[in-house]
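Presented below is the structure to which this report refers.
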Amino acid sequence: MLHVGNLRTAVLNWMLARKAGGTFILRIDDTDTARSEARFADAIRRDLEWLGLTWDREERQSERFERYAAATETLRAATRVYECFETPLELELKRKTQLAMGKPPVYDRGALMLTNAEREALRETRNPHLRFLLERRPIEWDDLIRGPQSVDGASISDPVLYRADGQLLYTLASVVDDIEMGVTHVVRGADHVTNTGAQIQIFEALGAAPPRFAHHALLTGPQGEALSKRLGTLSLADLREGGVEPAALLAFMARLGSSLPVEVATDPAALVAAFDPGQFGLSPTRFDAEELRLHSAKTLRALPLAAVADRLSAIGVPEARQAAFWEAVGPNLDRFDEAAGWWALCREGPGAADIPAEDIDFVETALALLPPRPWGPESWGAWTEAVKRATGRKGRALFQPLRRALTGRDRGPEMARLMPLLEGPLPASAAGPAGG
C-alpha cells in the first residue's frame, strides 16, 4: 500500500514530469509473482487518482520477463554476470567475519575462484544466484538534489540480479525498463544512492547512458524517529479515511523538506510551476501527521464551491442551496465529513436543545421574538437586537444561548449565514405565529 514515504517519491517524479512537459510512467514492479497481487496494484492506482497524480502510461514488469532475459544474456556475453552458490547462511557468516576483522562487509567474489568442476558439483545440490560484476572504480554522477556524487565500486558488493529461486530483482529490471522506455529522469530516496552507483555500471554495460538521478532525503517522524515504525498509520488509505484532503496532502508532500513554505494550494499547477529539485535539502525531513491535519483543515476551508460540489450533492445538499451552505459552513470545518452533520441540522433542526437552567426563561423570551420565516442575512442581527432590548443581555450571555437554542451547539458557523439555512422544526417554545 502507498504510504507517505513512497508517496513523496511519486509526487516529486510527477511534478518533475509535469513541469518539463514530459511523460509520467506508472510502473508496476510485479516480478515477485508470489507476493504481487492485483489488489495492491489497484490500491496504488486508486491512491494516485485520489491525489490527482494522473499518469501518461502504465507498464507492468511481469509482462517483460523476456526483455530482462535478453539483457542478462548481453551481460553474460560481456562476462559481467557470474553464478554464485553461497547460501544465505554462508553469506551471513562471511559478513560477520568481515565485520569482526574491521573490514567492510563486501562480497569477496569467492564464486569466481571456483573451478568448472566445483561449479558443476555445486549445481547438483544448489541453484545459483546471479551477480553483476562491478568494475572496481569510482562511479560519479551529478545528482539533481545532492549535487556531485561518487560511489567507489570497490566498496560495494556485486549486486544480485537473480535470486537462487529465479526471482528477478529490481536492480536489473529497472535499468532495462529505463533504457527501453526512454526514461530521462529518476527521483528516489537517499537510501538508493549506493544502488544507483551499481546501476550506472549496468547501464554502461548494456551500452546505454544512465538517466539523471535525484535522491531526496528520507522522511522521519516529528521527533526524528524512523518513520518506518509508524507507516501502518500513515498509509494513504488511512489518511483518506481520517479525512485528510487530497489537495492538502499533495501540497504538503510537494513542499516538505524544500526551501519553499508549505502553503495552501488548491490548484496543483502552482505547485508544479514552482518546483525545482534543487530546492530540497539533504537532511532527513520530519513528517508530522498533526501538522498535515492542520494544513488539511486550512485547505478544506479555502476550497471553492466547484471543488466540493459533488461531495455536497452526495450528502444531499441541493444544488440551489450549495453556494449558501458552503459559504456558511465551509470556513468552520476541520474535515469534510463534518458537513453532513451541519446539513442534517439545517434540514431536521436541533431537536431538544439542552439549555442551562439559568438561561431557560431568557431563551423562552427570545424564541417568542423570533422573526417569521423565511429568514435572510439580516434576520440574526435583527433578532439579537430585539432580544437585547427586551432582556438587557449582551455579549456572550446574549449570543451563546441563542445559538444553542437554534442549533443545539455552542460553536459553529457565523449565525448570520447559517440562520437562513435552518429549515427544520424549531424548539417547541418557538411554535406559534412568530416561529412558524
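Values quoted throughout were computed directly from the atomic coordinates according to the rules given, and no laboratory measurement underlies them. Keep in mind that this is a model prediction, so the values were computed, not measured. Cβ atoms come from the backbone with ideal geometry, glycine included; neighbour counts cover every protein chain shown.
Things worth noting here:
- Residue ranges 340-353, 234-247 sort as 234-247, 340-353 when ordered by packing (mean number of other C-beta atoms within 10 Å per residue, highest first).
- Local net charge near Pro377, Cβ-Cβ under 11 Å (Lys/Arg +1, Asp/Glu -1): -2
- Dimensions of region 304-436 from C-alpha coordinates, computed as largest minus smallest value along each principal axis and given longest first, are 44, 29, 24 Å.
- Peptides 92-102, 163-173, ordered by how many other C-beta atoms sit within 10 Å of their residues on average, highest first, read 163-173, 92-102.
- Using the alpha-carbon positions of region 214-300, Rg (one decimal) and Dmax (whole number) come out as 12.9, 34 Å.
- Calculated P(r) of the chain - Cα pairs past 38 Å, %: 44
- Taking a ≥ b ≥ c as the square roots of the Cα gyration tensor eigenvalues, region 251-314 comes out oblate, since a/c reaches at least 1.5 and a/b does not exceed b/c.
- Between helix 246-255 and the chain there is an angle of about 50 degrees, using the helix long axis and the longest principal axis of the Cα atoms.
- Think of the chain as a dipole: +1 on every Lys or Arg Cβ, -1 on every Asp or Glu Cβ, centred on the Cα centre; then among Gly381, Ser313, Val262, Gly381 lies furthest on the positive end.
- What separates the Cα centres of region 377-403 and region 129-184 is a distance of 73 Å.
- Relative to the longest principal axis of the Cα atoms of the chain, helix 289-302 runs at roughly 50 degrees.
- Taking only the C-alpha atoms of region 64-216, Rg followed by Dmax gives 16.2, 49 Å.
- Considering helices alone, the calculated mean residue ellipticity of the chain at 222 nm is -13500 deg cm²/dmol, with DSSP H runs of length four and up weighted by -39500 (n - 2.57) and normalised per residue.
- The charge dipole of region 64-216, taken about its Cα centre with unit charges on the Cβ atoms of Lys, Arg (+1), Asp and Glu (-1) only, comes to about 240 debye.
- Dipole magnitude of the chain about its Cα centre (Cβ charges: Lys, Arg +1; Asp, Glu -1), debye to nearest 20: 720
- Extended-chain gain in nm, criterion 0.36 nm per residue less alpha-carbon gap, Arg311 and Asp152: 51.8 nm
- Neighbourhood net charge (10 Å Cβ-Cβ; Lys/Arg +1, Asp/Glu -1) for Gly153: -1
- With contacts taken as Cα pairs under 8 Å and at least 6 residues apart, the chain reaches a relative contact order of 13 percent.
- Where the Cα pairs of region 33-117 fall when distances are cut into 5 Å bins, in %: 3, 10, 11, 12, 12, 12, 12, 11, 10, 5, 1, 0
- Of all DSSP beta bridges in the chain, antiparallel share, percent nearest 5: 60
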